[in-house]
Amino acid sequence: MKNKLKFIFFIVFFALIIYVLKFSPLSYYFFTEEGKEIFSQKFQNYLEHIGFWAPVIFIGFFAISIMLFIPASVFTSIGGLIFGHWIGLIYNLIGVIIGGIFSFFVSRYLLRDAIAKFLQKGHFKKFDDSVEEHGLSIIIYLRLMFIPFTYLSFAAGLSKMKFKDFILGTIIGVIPGIIVITFLAVAVKQLFVTYKTPADLIRPDIIIPLVLFVLSFFIPPIIKHYKNKFNVSDDVEKEVEG
């Protein structure tokens, strides 16, 4: 009975997420380019006017957005635009980690027991066994492969992965992506503010983030080449990617 109640609660929770993402007016602000731009500007203006509480509000919204399956890049960009390189990087990392923790625990304590019998079949069974023993290296690998953040957090919560492996592997694995998006957002902002001549495009604070952004596309294929070093089997990849 307890597991059924957990499952019902999760279904209601997930239904609310689907409604927010697909059918409510909020979907416009997170899943259309025009809406993202409007939301980003309004949210920036709001945070700039509340002073001391800005970091707390930002981190809270970031964590909630992760739970709602909103792409982490939306708030990561906002963090860079508002707080700059290093402070923005720190706040972005805190926000994404808290969001990941919430997703992990919702999945583990509201869903796993209710569907336990379905988890012991096919590729997920092999994924489950693998992450129980090699959780840290596998989560680092999958984060560096840029698997959708919330999806992977929920999958980790459903598995036997240890929480300490999940949190440490997530921190290590998301740092490259967070750095790239945060720094790129700052570069774009600086370019809009200071651009006068084409020479402004070759400044180090513009070129370096752009180079990092381009290089980030090579991370997944390089990491994939060394997947055995991360104890990642074909079954683990099939479960996560398919």
Item to complete: Go through the stretch 185-196 residue by residue and tally those that are among the basic types (Lys, Arg) and either modelled with pLDDT of 90 or more or surrounded by 14 or more Cβ atoms within 10 Å (Cβ to Cβ) (or both).
Response: 1
Worksheet item: Which members of the stretch 126-184 meet the condition of being under 22 Å from Gly80 (Cβ atoms), of a type outside the set (Val, Ile, Thr) and surrounded by fewer than 18 Cβ atoms within 10 Å (Cβ to Cβ)?
Response: Phe146, Pro148, Pro176
Worksheet item: List, please: which pairs have Cβ atoms under 7 Å, are six or more places apart or on different chains, and start with a residue in the stretch 55-66 that is farther than 17 Å from Val106 by Cα and free of Cβ contacts under 8 Å to residues at least 12 places away in the same chain and end with one that is among the aliphatic types (A, V, I, L, M) and assigned to a helix (DSSP H, G or I)?
Response: Ile57/Leu47; Ile57/Ile50
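The values are calculated or read from the model by the stated rules, or taken from the named source; none is laboratory data. What you see is a predicted model; the values in this text were computed from it and never measured. Cβ atoms come from the backbone with ideal geometry, glycine included; neighbour counts cover every protein chain shown.
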